[in-house]
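See below for the structure under consideration.
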Amino acid sequence: MALLTVKNLKLGYEGKTVAEGLNFTVNSGDYLCIVGVNGSGKTTLMKTILHLNPPISGKIETGEGLKSSEIGYLPQQTEIQRDFPASVWEIVLSGNLGHGGLRPFYTKEEKAAAKRNIEKMGITDLTKRCYRELSGGQQQRVLLARALCATSKMLLLDEPVSGLDPTVTAEMYDLIYGLNKEGITVIMISHDIKAALKYATHILQIGKDNFFGTKEEYLKSGAAEQFNEKGEESV
Amino acid sequence: MSEILSQLAHYFEYPFVRYAMIVGVLIALCSSLLGVTLVLKRFSFIGDGLSHVAFGALAVASAVGLTNEMIIVLPVTVISAVLLLRTGKNTKIKGDAAIAMISVGALALGYLVMNVFSTSSNVSGDVCSTLFGSTSILTLSRAEVLLCAVLSAVVILIFILFYNKIFAVTFDESFARATGVKAGVYNLLIAVITAVIIVLAMKLVGSLLISALVIFPALSAMRLFKSFKPVVIFSAAISVFCAAAGILISILAGTPVGSTVVAADIAAFGICWTLGAVRGR
């Protein structure tokens, strides 16, 4: 049984279909990159996997005891967050809320987990700082630490490097790759096909022609070239 | 100074002055707690819209001749709050327009109903005191003070118990929802509490000035503090201080209570803004 199985999924919002005929599986330890041109439904797919958006038809099944609330999520930044008064500590800690039920306050273990994940992301010295004053790369590390509080199994990342400069982008990719090596399954949306091919074990391309397979199969299929042309144009 | 104090002591012998003080401070505390969340969620105008709804409901209630207006005003405002917060979620413009529409619609119809059906001889006086709360806070009965105290206590308790969830839902609703926090329930909770506070605050500042109680303390606190908890605590403190100061000044100077409290909030915002700007440099 795979960690995540998607069968014949058709997705969209407010009755409009964005993508259909999606079939793929994610096994424990995989690094899946979701690629596709703008508007092909990458973010919608991610939101559907997270139950933020109901699927139009088809099935999403989780296996190996993965509860849907045990998926860590790194969303794209919202406008609200840019001027939100919150410390790094407050934000990372809030990643624990999903498994707390109605309990009003955080437990010692949850605080320890937050501390551990902050350390892991190398931002211990920023713990008391205000989130909105951090650089883009630092903010992504904070959100990644928060996502790690929510899961030890699967991370969903929505364009984690958008808006970051090349050096910080490389650091971010290394960080994510390191987490994957530790055994965390990664599903990442990316515009950057080169990085996708460098790190991913599997590729899912959505758009006119859906493709799913390992990186090697993807390179052989020629689907990448089609994306490359379009991708290059849109840059 | 001692003259002012003895004058105040004299005034505080009257129960209605004490009642006004208690209710004013409680309302200020509750509204500022929720204010931080509403401002950050970009819902500053919801207070305004809801207060106009409450005004309309109040007009209908008094036209029908109900002695206890709360029976109509509170449920109508709560329902409107739930509806408004729901539309606000889908698209920004729709939510904006919905608030504006309900807000002026309720205001216009409320005034119309008051004018056509009112049995009072001084309609414009009634309207003025409902809009600006000029006298209602000084005419509170013991039962109303008790009701207000109980509702405030409930609001504060809920806020403390759900503080972490409210933070998570405000900062990043998608993430909270994705990790299994029932964001919809907490949004509903925020909507209901907001409505209750608005209805309570009508007594203090009247329905036109309620937004000030909700947004000014939060904005003042955000000038000075950068983490959520200090912002919430400072905003509550400054709101209570301004309400108390405003009520005292209005008693001494004979100014309208509601607008004096709001003026105090504006002054506090000015001070915080200046301090923030100086420190930021």
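Derived from the Cα gyration tensor, the three semi-axes of the equivalent ellipsoid of region A:138-180 are 18, 11, 9 Å, largest first.
Taking the DSSP beta bridges in the protein assembly as shown as the whole, what percent of them are antiparallel, to the nearest 5?
Taking every DSSP beta bridge with both residues in the protein assembly as shown, the antiparallel ones total about 50 percent.
Accessible area per residue was computed with a 1.4 Å probe on protein heavy atoms; A:Leu179 scores about 0 Å². Summed over the residues of the protein assembly as shown and divided among them, the accessible surface reaches 45 Å² per residue at a probe radius of 1.4 Å. For chain B, the dipole from Cβ point charges (+1 on Lys and Arg, -1 on Asp and Glu) about the Cα centre works out to 1080 debye, to the nearest 20.
Give me the tail of P(r) for the protein assembly as shown as a percent: Cα-Cα pairs with distance above 45 Å.
The share of Cα pairs beyond 45 Å in the protein assembly as shown comes to 26 percent.
The equivalent ellipsoid of chain A has semi-axes of 29, 21, 17 Å, largest first, where each one is the square root of 5 times an eigenvalue of the Cα gyration tensor.
Of the residues A:Ala145, A:Ala170, A:Ala200, the one that moves most in a GNM of chain A with alpha-carbon contacts below 10 Å is A:Ala170. Considering only A:Asn210, A:Asn117, A:Asn180, the mean-square fluctuation computed in a Gaussian network model of chain A, springs between alpha carbons under 10 angstrom, is largest for A:Asn210. Taking a straight line from the alpha carbon of A:Lys181, these lysines sit under 19 Å away, with near neighbours fewer than eight places off in the same chain left out: A:Lys120, A:Lys153, A:Lys198, A:Lys215. Counting Cβ atoms of other protein chains within 10 Å of each residue's Cβ and taking the mean over peptide A:51-57 gives 1. Counts of other chain beta carbons within 10 angstrom of each beta carbon in peptide A:77-89 average 5. Quick one: if the Förster radius is 35 Å, what FRET efficiency do A:Glu171 and B:Ile79 give, using the C-beta to C-beta distance and rounding to 0.05? So, using R0 = 35 Å, E works out to roughly 0.10. The apolar share of the surface of chain B, taken as the fraction of accessible area on carbon and sulfur atoms (1.4 Å probe, ligands and nucleic acids excluded), comes to 72 percent. The peptide list A:216-222, A:202-208, put in order of mean Cβ contacts within 10 Å with the highest first, becomes A:202-208, A:216-222. A Cα-only calculation for region A:99-231 places Rg and Dmax at 17.3, 53 Å.
Within region B:176-249, the ratio Rg/Rh, alpha carbon atoms throughout and Rh by Kirkwood, equals 1.06. Tally the DSSP beta bridges in chain A and give the antiparallel ones as a percent, rounded to 5. Of those bridges, close to 50 percent are antiparallel. Heavy-atom accessible area for A:Asp83, with the other protein chains in place and a 1.4 Å probe, reaches approximately 70 Å². Against chain A, whose longest principal axis comes from its Cα atoms, helix A:136-150 is set at around 90 degrees. Note on chain B: GNM, Cα springs under 10 Å; of B:Phe175, B:Phe269, B:Phe132, the largest mean-square fluctuation is that of B:Phe175. In region B:2-280, the inverse of the mean reciprocal separation of distinct Cα atoms equals 19.2 Å; this is its Kirkwood hydrodynamic radius. Since only A:Gly21, B:Val53, A:Gly95 are under comparison, the one whose Cα sits farthest along the positive direction of the charge dipole of the protein assembly as shown, derived from C-beta charges on Lys, Arg, Asp and Glu, is A:Gly95.
Suppose R0 equals 35 Å. What FRET efficiency, 1/(1 + (r/R0)^6) with r the Cβ-Cβ distance, do A:Leu219 and A:Ser57 give to the nearest 0.05?
Rounded to the nearest 0.05, the efficiency is 0.65.
Think of region B:2-280 as a dipole: +1 on every Lys or Arg Cβ, -1 on every Asp or Glu Cβ, centred on the Cα centre; then among B:Leu131, B:Phe241, B:Cys30, B:Cys30 lies furthest on the positive end. Show log10 I(q)/I(0) for region B:1-90 at q = 0.19 Å⁻¹, two decimals, from a solvent-free Debye sum over equal Cα scatterers. Taking Cα atoms of region B:1-90 as identical point scatterers yields -0.97. With the simple model of a label 7 Å out from the Cα in the direction of the Cβ, B:Ala9 to B:Ser141 spans 3.3 nm.
Extension gain, A:Lys10 to A:Glu64: 0.36 nm times the residue separation minus the Cα-Cα distance gives 17.0 nm. Charged side chains reduced to their Cβ positions (Lys and Arg at +1, Asp and Glu at -1) give the protein assembly as shown a dipole of some 600 debye around its Cα centre.
For A:Lys59, the aspartates and glutamates whose Cα comes closer than 15 Å to its Cα, not counting residues fewer than 8 places off in the same chain, are A:Glu20. With no solvent and one equal point scatterer placed on each C-alpha of region A:1-94, evaluate the Debye formula and give log10 I(q)/I(0) for q = 0.20 Å⁻¹, two decimals. Result of the Debye calculation: -1.07.
The values are calculated or read from the model by the stated rules, or taken from the named source; none is laboratory data. Everything numeric here is computed off the predicted structure, so don't read it as measured data. Counting neighbours? That spans all protein chains shown, and the Cβs are built from the backbone with ideal geometry, glycine included. Ligands, DNA and RNA are stripped out before the accessible areas are found, and what is left, the full protein with its side chains, is counted by its heavy atoms. Shrake-Rupley method; radii C 1.70, N 1.55, O 1.52, S 1.80 Å.
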